[in-house]
Amino acid sequence: MRTQVGIIGSGPSGLLLSQLLHLNGIDSVILEAKSRSHVEGRIRAGVLEQGTVDLLRTAGVNERMDQNGIIHGGFSLAFSGRQQRIDMQKLTGGKTIMIYGQTEVTKDLIDVRLEAGARIEFECPAVDIEDYDSRAPCIIFEKEGKTRELVCDFIAGCDGYHGISRKTIPQDKILLFEKVYPFGWLGILSDVPPIDEELVYAHHERGFALCSMRSNTRSRYYVQCSLDDHVDNWTDDKFWDELRYRLPKSLADKVITGPRLEMSIAPLRSFVSEPMRFGNMFLAGDASHIVPPTGAKGLNLAASDIYYLSRALTAFYSEDRKDLLDRYSEVCLRRVWKAIRFSWWFTSMMHKTDEDAIHQRLQISELDYLSSSVASRTSMAENYVGLPFEPFA
Ligand code: APR
Ligand code: PHB
């Protein structure tokens, strides 16, 4: 097989890239190890920055998002029995976020790609990558038990943290930075109305809690748990009791409980690999960086990588320009590290750790400072809604 851009992975990164390239007349093939139903069934977060919303509109993948997505102008922090709202819209000159599940974004992207006749090879894992620094890189993949080749001009490694693309790079050619947090998030999805119109991030001596939603009738809640905990240790009632413990009374009294649709535990990690380009192979999204979910940056960072990569590849094919391809890694990493910093700061401020007692006092004083300082709330708001994309044209 032959194509211009060989894309490994049909998560949000690979699919969005394929769509934006298609709109610019550039051919691509997506190789995905899993089945379509598996990819569409993964439960993930659901906060879209303004920049991601705009990019999905540019890609023509916004119909259902604009119908079903919920626009939020703020969120709140709960601590020491009280609640502090962060008025993002006011503090950032009108910017907002959109609540719309990543699962739905992925479904919309697959629908639009297949309607346009895209080649998405599901259940075709890439097993090897050859000559990624040549003018004809090649992806070796398996299809129906046979080994096949996909020759291309460029490879986009959009295969997530556990993918093959980053692992193909020799250790002496890549820098890896990782921080694994000593706790996880136990999440429940339930068809009950959310407790608040906006998201609530709660700090409590028993641990962190988050009150989020997918719609006005479907809620997503998380409580901090230990890494060796297991879903089997948690009945629904135990989850709802623990959640209420960690919320101020005014919020706890508003929790409407119901049976789980899904319950799972997610580990928390900060991870970056540098650089993000190796010859004619470009890494994007979780293949190159992971953020803890606290700042809801995972999908949005993947989208910003694709904003830059799609522009760089389009400039190459339409104007024979190589400068944007050459700047891709440096420009992406500048934005990635800012999101890694924000997510680490937010995670450190809100989660219970085994550090000494002074740590919890410092957390409360940081939250208190946020309550009393417009400047600190502005900094938090501008990071949460998403920092602007650097000029890249
Ligand atoms: N061959 C083909 N496909 C592969 C391979 C392989 N060897 N290895 C992994 N994949 C596929 C996975 O099955 C998955 O569908 O690559 C895809 C990677 O998708 P994601 O993990 O969703 O990564 P990305 O598209 O970068 O999206 C990042 O996903 O995990 C969330 O929080 C994260 O929101 C962020 C977003
Ligand atoms: C979610 O809705 O799943 C969600 C929201 C905000 C986060 C993380 C997850 O920071």
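Bear in mind that the values in this text are calculations on the coordinates, not laboratory data. These numbers come from a predicted model, not from an experiment. Ideal geometry is used to build each Cβ from the backbone, glycine not excepted, and the neighbour counts take in all protein chains shown.
About its Cα centre, the dipole of the range 1-95 is roughly 300 debye, where the only charges are +1 on Lys and Arg Cβ and -1 on Asp and Glu Cβ. Rounded to whole numbers, the Karplus 3J(HN,Hα) couplings from phi for the range 171-179 are 4, 7, 10, 9, 9, 10, 10, 9, 9 Hz, using 6.51 cos²θ - 1.76 cosθ + 1.60 with θ = phi - 60°, and x at Gly and Pro. Annotation: lysines with alpha-carbon distance below 22 angstrom to Lys322 (same-chain offsets under eight excluded): Lys173. Let a ≥ b ≥ c be the square roots of the eigenvalues of the Cα gyration tensor of the range 206-263; is it rounded (a/c under 1.5), or, if not, prolate (a/b larger than b/c) or oblate? Verdict is oblate for the range 206-263. The orientation-averaged projection of the convex hull spanning the C-alpha atoms of the range 18-90 amounts to 8.0 square nanometres. GNM remark for the chain: springs join alpha carbons under 10 Å apart, and the peak mean-square fluctuation among Gly145, Gly160, Gly11 falls on Gly145. Counted over the chain, the DSSP beta bridges are approximately 75% antiparallel.
Computed over the range 242-328, the P(r) curve from all C-alpha pair distances, binned at 10 Å from the origin, holds 14, 30, 23, 15, 12, 7, 0 percent per bin. According to the Kirkwood relation over distinct C-alpha pairs, the hydrodynamic radius of the chain is 21.8 Å. Remark: the range 102-227 projects, on average over all directions, an area of 12.4 nm² (convex hull of Cα atoms).
Below 8 Å between Cα atoms, with a sequence gap of 6+, how large is the relative contact order for the chain in percent? Answer for the chain is 20 percent. Among the trypsin sites (Lys or Arg not before Pro) found in the range 309-393, those both in a DSSP coil and sparsely packed, with 12 or fewer other Cβ atoms within 10 Å of their Cβ, are Lys322. Farthest towards the positive end of the charge dipole of the chain, among the residues Gly101, Tyr181, Trp240, is the Cα of Trp240, using unit charges on the Cβ of Lys, Arg, Asp and Glu. Can you grab the distance from the C-alpha centre of the range 72-125 to the C-alpha centre of the range 249-289, Å, no decimals? One Cα centre to the other: 12 Å. For Arg260 and Arg44, the difference between the fully extended length at 0.36 nm per residue and the C-alpha to C-alpha distance is 76.2 nm.
Legend: calculated FRET efficiency, Glu104 to Lys249, from the Cβ-Cβ distance at R0 = 51 Å, rounded to 0.05, equals 0.90.
Taking a straight Cα-Cα cut-off under 22 Å and skipping sequence neighbours fewer than 8 places away in the same chain, the lysines within cross-link reach of Lys238 are Lys249, Lys254, Lys352. Report note on the peptides 132-141, 380-389: ranked by the mean count of other C-beta atoms within 10 Å, highest first, their order is 380-389, 132-141. The distance between label points at Tyr369 and Glu115 comes to 4.9 nm (points 7 Å beyond Cα on the Cα→Cβ vector). Here the spin labels are modelled as points 7 Å beyond Cα on the Cα-Cβ line, and at Asn216 and Glu319 they lie 4.6 nm apart.
Comparing Met281, His230, Gly258 along the charge dipole axis of the range 205-282, the residue lying farthest to the positive side is Met281, per the Cβ-charge model. Under the convention that each Lys and Arg Cβ holds +1 and each Asp and Glu Cβ holds -1, the size of the dipole of the chain around its Cα centre is about 620 debye. Once backbone amide H atoms are built at 1.01 Å from N, Tyr181 has Leu268, Arg269, Ser270 as its partners under 5 Å, excluding neighbours fewer than 5 places away on the same chain.
Projection of the Cα convex hull of the range 315-361, averaged over all directions and equal to a quarter of that hull's surface, yields 4.6 nm². Residues whose amide H falls under 5 Å from that of Gly46, counting only those 5 or more places apart or on a different chain, are Gln102, with hydrogens built in the peptide plane.
Would you please classify the overall shape of the range 264-393 from the alpha carbon gyration tensor, given that a ≥ b ≥ c denote the square roots of the eigenvalues, rounded means a/c under 1.5, and beyond that prolate means a/b larger than b/c while oblate covers the rest? Prolate is the answer for the range 264-393, as a/c is 1.5 or above and a/b outweighs b/c. Here the contact order of the range 82-145, divided by its residue count and restricted to Cα pairs under 8 Å and six or more residues apart, works out to 18 percent. Since only Ser310, Ser376, Asn62 are under comparison, the one whose Cα sits farthest along the positive direction of the charge dipole of the chain, derived from C-beta charges on Lys, Arg, Asp and Glu, is Ser376. The Cα-based radius of gyration of the range 177-316, divided by its Kirkwood radius, gives an Rg/Rh of 1.08. Cα centroid separation, the range 224-248 to the range 4-56: 33 Å. Across the range 1-47, Cα-Cα pairs farther apart than 18 Å form 35% of the total.
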